[in-house]
Amino acid sequence: MTKDWTDISSLQEGYKTGKFKPSDVTKYYLDRIKKYNSTLNAFITVTEEQAMAKARELDKQPYKVRPCTLYGVPVAFKDLYQTAGIRTTAGSKVLENYVGQYNATAVQRYLDAGAICLGKLNCDAWAHGSSGENSDFGPTKNPWNTDYVPGGSSSGVAVAVAADLCLVAAGTDTGGSIRCPASFCGVVGLKPTYGRVSRYGIIAMASSLDSIGHITNSVADAAKVLEVTAGNDPYDATCSTKPVDSYSNLNKNIKGLKIGVPKEYIAIDTAVIKAIDKSIQQLRELGAEIIEISLPHTPQALACYYIIMPAEVSSNLARYDGIRFGNDRSNFGAEAKRRIMLGTYTLSAGYYDQYYKTAQKVRTLVVQDFDQAFAKVDLIAAPVMPHLPFKIGEKVADPLSLYLEDVLTVPVNLAGLPAISLPCGFSKDILPIGMQLIGPQFSEKSLFAVAHLYEQNTSWHEQHPTL
Amino acid sequence: MAKLAKLQLTDEEEKKYSQQLEKVIEYVGQLQKVDISKVKGTNQVTGLVNVSRADRVSPCTPLVEGYIKVKAIFGND
């Protein structure tokens, strides 16, 4: 079967005209997974039978009869999303054999909207990492060059979309875990406002930072999916009751829109600097007014994150005692052990004030930085990662050097803001580069509109890796 | 710390992690230099307070002689 769809709307157009059926499309993706997953290691579990059963059910209820937003869209979930009857490992040996009883709210919303689940995606164990190398099920490979990391922690999520193993993939972003792999793999990654999408049923990393988003091939798809996943959930008390905007209405004139470029958000690799400069120039040509701004607490934000996050990690992972479910604590990998100990340390009596409480106060300063910036500008544009993707194994021995890679993504999580990562160029070795647009809380609609306009005027998102 | 966190480490792990974590602790220690005398801490960023469900009366299954009739929990076999 030849693939003649590129996004959700062209896929559904094909369903409408009867060109192909959900079972044809599902088979297309399952075949590709069979062919390429052994190289890329994007999927931990493939749910072939369930996927085909759901596809055949949809075959009998054509789009015309059941026109729902994600009708017949093949999706896959980061292995942190609990799925009823399908094992959920969190990328860790601790939960190697854990099969959950119910679907996470987000999973249920995808399925209710007509999506077909193809399986569960690899990630750094417990979402700890920004390279995809920390999975107890082996590292995921970057489809643009399999010697390189795909970024993390939602490594399989970005790789599955970039390598065309599914159309939409669901991930989580605690400190950049959607934006980083999206930028390293050349796809669109959305981190919504904290509380926009329910966290219920998704294995928690750091509860005050975890944001539930997704990776797609286009901005229009990202907007469509958010219309499905966003919205209040009585099972998550931090989930907002704000009404969900019609995100997929992407028309917007950006003339006079003020876009801030923070002087502290500096990339290090020249290729990244050049690509970002060019993209900002393009935004200016599209009518935006570019203003230099300052987010003075950016360096401290990273240190603040590496106190608050491990503190919450150590609390959330305390429940894995090997008694109620899963294997015992000796099964934790190196990175989980480091973060548990770090968090235990910063929360322990005697160090609590010095570290945890100080970090909470610095978090206020980070939030204030953004508040002051958004008094002057509508959106912020910045690189996602300071470097290009690096080689697998290059930074394994020195965890701190890997932590420092998160400097441009974590402030957004500390302030609970929405951000979208867009493909904005390639290095000379053909490795993707990403730019992020950041907005005030609940400004997803205008983020999508600006991102869409940028996408319409560039062709980066149309380039795909050859496998 | 490992003991407090209920983790068992080998001697080799203990040596490796203590070196690595020392570097991280030193790095995050830079926060001591930030002036935080006038700021309050942030626990959460949603601005939500006292989240509770609406206190609404919802219909109950029909009463039978003053009792609520529910489905049988145990079968006959």
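The values are calculated or read from the model by the stated rules, or taken from the named source; none is laboratory data. The shown structure was predicted, so the numbers you read here are calculated from the model rather than taken from an experiment. Neighbour counts are summed over all protein chains in view; Cβ atoms, including those assigned to glycine, are modelled from backbone coordinates with ideal geometry. Please note that ligands, DNA and RNA were not included when accessible areas were found on the heavy atoms of the full protein model with its side chains. Shrake-Rupley method; radii C 1.70, N 1.55, O 1.52, S 1.80 Å.
At a 1.4 Å probe radius, which order do A:320, A:36 fall into by accessible area, largest first?
Greatest to least solvent exposure: A:36, A:320.
Of the accessible area of chain B, with the probe set at 1.4 angstrom, what percent is carbon plus sulfur?
53 percent
Structure shown: which of A:278/A:376; A:35/A:391; A:93/B:16; A:274/B:16; A:337/B:38 lie over 28 Å apart, alpha-carbon to alpha-carbon?
Beyond 28 Å between Cα atoms: A:274/B:16; A:337/B:38.
Over every pair of different alpha-carbon atoms in the range A:152-287, take the mean of 1/r and invert it; report that Kirkwood radius in Å.
About 16.4 Å for the range A:152-287.
Go through the range A:142-239 and name the chymotrypsin sites (Phe, Trp or Tyr not before Pro) that are in a DSSP coil and have 16 or fewer other Cβ atoms within 10 Å of their Cβ.
The qualifying sites are A:235.
Can you give the accessible area of residue A:455, probe radius 1.4 Å, in Å² rounded to 10?
Probe radius 1.4 Å; accessible area of residue A:455 about 10 Å².
So what does residue A:19 come to for accessible area, using a 1.4 Å probe and Å² rounded to 10?
Rounded to the nearest 10, the figure is 140 Å².
At 7 Å along the Cα-to-beta-carbon direction for both residue A:428 and residue A:273, put a label point, then send me their distance in nm to one decimal.
Between residue A:428 and residue A:273, the simple spin-label model gives 1.5 nm.
Interface size between chain B and chain A, please: total buried accessible area, 1.4 Å probe, rounded to the nearest 100 Å².
Its buried surface, counting both partners, is about 3600 Å².
Measure up A:191/A:357; A:19/A:141; A:191/A:258 against 30 Å on the Cα-Cα distance and list the ones that go over.
A:19/A:141
If you place +1 on the Cβ of every Lys and Arg, -1 on the Cβ of every Asp and Glu, and leave all else neutral, what size is the dipole of the protein assembly as shown about its Cα centre, to the nearest 20 Debye?
840 debye
In terms of modelled amide H atoms, which long-range or inter-chain residues lie less than 5 Å from the amide H of residue A:195?
Long-range HN contacts for residue A:195: A:212.
Mind giving me the FRET efficiency for residue A:102 and residue B:26? R0 is 51 Å, r the Cβ-Cβ distance, nearest 0.05 is fine.
It comes out at approximately 0.75.
Please compute the per residue accessible area over chain B with all protein chains in place, 1.4 Å probe, rounded to a whole number of Å².
93 Å²
Could you tell me what a quarter of the Cα convex hull surface of chain A works out to, in nm² with one decimal place?
Its average projected convex-hull area is 20.3 nm².
With every protein chain kept in place and ligands, DNA and RNA left out, what is the accessible area per residue of the range A:225-364? Probe 1.4 Å, answer in Å².
Ligands and nucleic acids excluded, the figure is 44 Å² per residue.
Roughly how much of residue A:464 is accessible, in Å² to the nearest 10, using a 1.4 Å probe?
Near enough 110 Å² of accessible area.
Kindly provide the helix-only [θ] at 222 nm of chain B, computed as the sum of -39,500 (n - 2.57) over DSSP H runs of four or more divided by all residues, to the nearest 500 deg cm²/dmol?
That comes out to -8000 deg cm²/dmol.
Can you list the residues of the range A:284-314 whose accessible area drops by at least 50 Å² going from the chain on its own to the full set of protein chains, with a 1.4 Å probe?
So the qualifying set is A:303.
Put a dot 7 Å past each Cα toward the Cβ at residue A:16 and residue A:57; how far apart are the dots in nm?
Computed distance between label sites residue A:57 and residue A:16 equals 2.5 nm.
I'd like the residues of the range A:396-420 whose 1.4 Å-probe accessible area shrinks by no less than 40 Å² going from the isolated chain to the full set of protein chains.
With the partner chains in place, the range A:396-420 has these residues losing at least 40 Å²: A:400.
Calculated from DSSP H runs of 4 or more alone, at -39500 (n - 2.57) each and per residue, what is the 222 nm mean residue ellipticity of chain A, nearest 500?
-11000 deg cm²/dmol
Between residue B:39 and residue A:252, what is the spin-label point distance in nm, taking each point 7 Å from the Cα along the Cα→C-beta axis?
Result for the modelled spin labels: 2.8 nm.
Using the Kyte-Doolittle scale, which helices in chain A average at least -0.5 and also have C-alpha atoms spread 27 Å or more along the helix axis, with helices defined as whole DSSP H runs?
Helix filter hits for chain A: A:358-376.
How high is the FRET efficiency between residue A:401 and residue B:14 when r is their beta carbon distance and R₀ equals 35 Å, given to the nearest 0.05?
It comes out at approximately 0.95.
Let me spell out the model: positive unit charges on the Cβ of Lys and Arg, negative unit charges on the Cβ of Asp and Glu, origin at the Cα centre of the range A:245-295. What dipole size does that give, in debye rounded to 20?
Computed charge dipole of the range A:245-295: roughly 160 debye.
Check which residues have an amide H placed less than 5 Å from residue A:293's amide H, if you skip close sequence neighbours.
Here the answer is A:261, A:263, since their amide H atoms fall under 5 Å of that of residue A:293.
Which percent of the accessible heavy-atom area of the range A:342-393 goes to carbon and sulfur, probe 1.4 angstrom?
Roughly 48 percent of what the probe reaches on the range A:342-393 is carbon or sulfur.
Using θ = phi - 60° and the Karplus relation 6.51 cos²θ - 1.76 cosθ + 1.60, list the HN-Hα couplings for the range A:183-198 in order, rounded to whole Hz, with x at every Gly or Pro.
The phi angles translate into 6, 6, 10, x, 10, 8, x, 10, 10, x, 3, 4, x, 6, 10, 5 Hz.
Cα gyration tensor of the range A:49-208, axes a ≥ b ≥ c as square roots of the eigenvalues: rounded (a/c below 1.5), prolate (a/b > b/c) or oblate?
prolate
Whenever you get a sec, line up A:420, A:291, B:73 from highest to lowest accessible area (probe 1.4 Å, protein heavy atoms).
Accessible-area ranking of A:420, A:291, B:73, largest first: B:73, A:291, A:420.
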